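Each remark here refers to the structure printed beneath this line.
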Amino acid sequence: LTPLGLLFALTTDLLLLMGGRMPASLASHPAFSGLLFFDAISDVVLLAAVIVLNIFFYGKRKEFPRWFITFLAVSFVLIFSIHQMISSYLPAYPTLVAFGSFVAASGWIPYFLRSERVAQTFVN
């Protein structure tokens, strides 16, 4: 579901930047449009990482656990930071994505670090 969520977030950011619902608000806050642009670039980078991670996962590559842990940590930091910055402009900005990223990282990172099954699966 992560690729679909990233595509949705990217589409939303691009629609806002290209004159969607808040062009007047963006004109009065140039930092906000820069933040949306940074968010869109982050979504593209995370989407590319998800594609590479899928290749590693289905190939049962040894590098997958390390890169997946890195992806979870980086995506949590990015999503949480961007959420904090956007919520300063839009106080009603939903927190569900940031919370979901935290739950995913706090569950999967320890599992991938301690699981013997993971160590035995990703051996190529």
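The values are calculated or read from the model by the stated rules, or taken from the named source; none is laboratory data. These numbers were taken from a predicted model, which means no experiment stands behind them. Cβ placement follows ideal geometry from the backbone for every residue including glycine, while neighbour counts extend to all protein chains displayed. To get the accessible areas, we keep the full protein, side chains included, count just its heavy atoms, and leave off ligands, DNA and RNA. Shrake-Rupley method; radii C 1.70, N 1.55, O 1.52, S 1.80 Å.
Condition first: part of a helix (DSSP H, G or I), more than 12 Å from the chain's Cα centre (by Cα) and modelled with pLDDT under 90. Now tell me which residues in region 43-95 satisfy that.
84, 85, 86, 87, 88, 89
In region 32-49, what residues are aliphatic (A, V, I, L, M) and crowded, with 16+ Cβ neighbours inside 10 Å?
Step one: of region 32-49, the residues aliphatic (A, V, I, L, M) are 35-36, 40-41, 44-49.
Selection gives 35, 36, 40, 46, 47, 49.
Taking region 85-120 as the region of interest, how many residues are open to solvent by 50 Å² or more (accessible area, probe 1.4 Å) and β-branched (Val, Ile, Thr)?
3
Identify the residue in region 17-31 that is surrounded by 12 or more Cβ atoms within 10 Å (Cβ to Cβ) and either among the basic types (Lys, Arg) or not in a helix (DSSP H, G or I) (or both) and, among all such residues, is modelled with the lowest pLDDT.
Among them, the one singled out is 20.
Could you grab me the full set of residues in region 64-81 that are in contact (Cβ under 8 Å) with a residue 40 or more places away in the chain and more than 17 Å from residue 103 (Cα to Cα)?
Passing the criteria: 64, 65.
Any residue in region 71-84 that is loosely packed, with under 12 Cβ neighbours inside 10 Å and not polar (S, T, N, Q)?
No - not one qualifying residue is present in region 71-84.
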